[in-house]
1. Would you pull out the residues with amide H under 5 Å of Arg286's amide H, same chain only if 5 or more places away, H placed 1.01 Å from N?
2. Taking amide hydrogens as modeled 1.01 Å from N in the peptide plane, which residues meet the under 5 Å criterion relative to Gly206, leaving out close sequence neighbours?
3. Round to the nearest 10 and report in Å² the accessible area of Thr272, as given by a 1.4 Å probe over the protein chains' heavy atoms.
4. Of the heavy-atom accessible surface of the range 45-144 (probe 1.4 angstrom), what whole percent is carbon and sulfur?
5. Please list, ordered by chain and number, the residues whose modelled amide H lies under 5 Å from the amide H of Ser262; skip anything fewer than 5 residues away on the same chain.
6. Taking 23 Å as the cut-off for C-alpha to C-alpha distance, list the pairs among Lys85/Lys225; Lys184/Lys264; Lys264/Lys292 that go past it.
7. Residue by residue through the range 298-315, which ³J(HN,Hα) values in whole Hz follow from phi under the Karplus form 6.51 cos²θ - 1.76 cosθ + 1.60 (θ = phi - 60°), with glycine and proline marked x?
8. Can you classify the range 1-52 as rounded, prolate or oblate using the Cα gyration tensor, where a ≥ b ≥ c are the square roots of its eigenvalues, rounded means a/c under 1.5, and otherwise it's prolate if a/b beats b/c and oblate if not?
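The values are calculated or read from the model by the stated rules, or taken from the named source; none is laboratory data. Since the model is a prediction, treat every value here as computed from it, not as a measurement. In this analysis, Cβ positions are derived from the backbone assuming ideal geometry, glycine residues included, and neighbour counts consider all displayed protein chains. With ligands, DNA and RNA removed, areas are computed over all heavy atoms of the protein, side chains included. Shrake-Rupley method; radii C 1.70, N 1.55, O 1.52, S 1.80 Å.
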Amino acid sequence: MNQPEHRFEFLIRDLPSPGSARRFFEQFAERNPSQAARLRREEGLFSDVLTLASYSPLLAATLIQNPEYIAWLSARRLETPMQRKEDLLESLARFALTHSSLEPHIVLARFRRRELLRIFLRDIRRLSTVAEITEEISGLADTILEYAVRLARQEMDNRYGAPFQTDEKSRGKPAEVCVVSLGKLGSNELNYSSDIDLLFIYSADGMTTGTGSNEPVTNREYFAKFAEAVIRLVGKQTGEGAAYRVDMRLRPHGRVGSLALSLKETVRYYRTEAQSWEQQVLIRPRASAGDKGLFRSFLSQVEAAVFRKGRDKNQALREVYLSKEKIDREHLAGSAFNVKLGRGGIREIEFIAQALQLAHGGEDKWLRVPHTLISISRLADRGHLTEDERSGLSNAYDLLRRLEHILQMEHGLQTHSLPTDPDKLELLAAKMQFAGRPEFDAALTANTRNVRETFLRVFGQAGESAICPEGLSRPDHPRHPSDGRGDADMPPGHYLANQVLASIEKQDAGVTLDENSSEAIRRFAAISPQFAEMIAARPGLIERLDIDAADRPIRNYETEFADNVDSAADQATILKQMRSLWSGLMLEIAAADVFERLTIAEVRDRQTLLAEAAIRTAVRIAAGNGSRSSPAATPDPIVFALGKLGSGTL
């Protein structure tokens with residue numbers, strides 16, 4: 001073996017996927033022989049490039065398609081990790097100038113991909129903390145948004161003239177706009193493939209000057225078109241993808257709301273109309289682009305509505321738990337662990353922090369910080385989390401976010417699920433720098449268990465509306481001597497089943513646990529922990545666990561709703577009655593499914609019939625025709641079912 005080849009094999013031998021690095025360099029050298037020769041002479045850079053190729057086929061393809069990026073990476077790879085927004089904007093302006101023949105949205109997508117080479121290299125080399133990496137990814141998004149804002153303002157001004165508003169002294173002055181980021185971008189915790197959740201706020205209503213090519217328009221119309229332009233620049237798909245996927249569903253009134261609202265309208269909405277989960281979103285807002293003074297004015301006017309003084313602590317916890325429960329219902333559990341939405345995953349860490357912030361932030365302004373890790377630390381300092389919980393949550397966050405980064409940068413996809421193939425799991429363990437799969441599995445199990453225990457402890461005190469009852473989650477609740485969940489000899493779900501059964505007995509709910517119902521709970525704990533915890537929270541549902549339910553004819557679900565829902569009651573009572581009935585009927589179907597008393601087709605049929613009955617009941621009540629026998633003053637609306645409900649395959 002010649003010397004260059006020997007050095008090459010030395011550089012790739014300890015990489016997670018030496019074969020990927022070898023294939024990359026073969027393709028690169030075939031297309032760019034002179035650059036490949038130069039790359040071999042710079043061993044440090046060569047090692048970095050091969051490492052990127054081993055970890056990310058996406059970035060390997062990027063380097064093959066854009067060999068000039070290697071020279072750029074050579075100059076940038078040893079820089080300090082945190083690039084200021086001003087420096088990135090200057091770099092983006094130079095990049096746009098050298099790619100002036102391309103459309104702006106393509107320039108933004110390519111610039112982002114190039115910058116990820118530098119950021120991901122620091123990530124996999126462990127040269128930066130997770131918090132630093134996510135802050136830099138967020139800063140890159142801010143830069144691209146700021147650049148898009150400037151382009152969009154220029155485009156809108158050329159069309160309609162500049163927007164003006166009138167101040168309290170009837171003097172005209174330019175209207176300003178702010179792009180507010182929510183979610184992970186708002187807290188500087190963006191990952192490599194996150195959507196960006198945005199809110200467009202302009203300072204006040206008024207008119208444009210009309211000095212552009214078109215007639216003047218209102219500020220509302222101007223800024224709505226401005227928002228469309230920004231979203232198009234940042235989110236328009238190219239052959240290489242968009243710079244970012246922009247999600248506007250968190251804006252006031254959701255999908256039907258205007259893309260941009262005045263400061264006055266936005267403040268009024270969050271003070272008087274916003275639901276609890278919408279106010280929860282405002283724990284993590286930030287000005288990503290535009291006028292920061294406008295954002296400060298917005299935050300100062302809504303902060304008291306988000307962090308309310310004198311707030312009932314249990315109510316705050318319940319509200320956040322209901323948000324989490326909604327996400328769980330929408331997330332169909334698969335065979336692979338989901339690092340974001342799975343039990344003990346990232347979302348549970350975030351919701352622990354946010355719930356405690358809402359519960360205690362009204363009286364304690366020091367807790368009003370957007371970043372998850374900072375909020376966890378401050379909550380522990382104030383005694384709302386124990387030191388062990390602080391350590392457990394922080395360590396789990398670090399592991400899960402690094403794992404999320406590795407998963408997403410493989411192909412640039414918004415994925416959060418672990419692969420199920422054993423070879424791919426072994427490769428993933430190597431990329432996470434574990435000695436092998438057993439060590440990786442043990443670390444993941446231990447960290448997610450810590451998160452789950454804290455989650456149950458925090459939300460178990462939130463009252464009956466939370467699925468996890470107090471008996472499941474009190475800090476003094478007796479644990480299995482070996483902390484059961486890690487015992488390989490124990491049947492799946494055994495630990496949870498014992499908790500559920502003990503909780504039911506402790507609640508003294510007047511229900512009888514016979515052999516069939518106990519066995520059903522054990523089955524549920526092994527197959528669907530969510531249903532098992534539902535039973536623990538509402539022991540009365542045990543009567544639905546008739547494992548011979550399939551021997552009965554299919555229930556007339558519409559009659560069940562008509563007989564058990566008081567259409568003349570207030571809305572809150574109606575919703576409670578419908579949810580309670582639905583839970584019992586769904587559990588009945590699930591029990592027959594778990595005990596294999598129904599075929600898959602029959603399970604789908606019954607779920608579809610149940611869904612249709614609930615929808616018909618809701619439509620009648622909403623239309624004022626609550627009773628099936630009452631004459632309808634107006635015809636009921638027609639609801640079209642699409643997707644799985646439309647095909648009858650729920």
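1. Ser181
2. Here the answer is Asn219, Arg220, since their amide H atoms fall under 5 Å of that of Gly206.
3. The value for Thr272 is about 100 Å².
4. Taking all protein chains in place, the range 45-144 shows 52 percent carbon and sulfur surface.
5. HN-HN under 5 Å from Ser262: Tyr202.
6. Correct reply: Lys85/Lys225; Lys184/Lys264.
7. Working through the residues one at a time gives 4, 5, 5, 8, 10, 4, 5, 6, 7, 9, 7, 5, x, 5, 5, 4, 5, 5 Hz.
8. Details: a/c = 1.43, a/b = 1.21, b/c = 1.18.
Judged from the Cα gyration tensor, the range 1-52 comes out rounded (a/c under 1.5).
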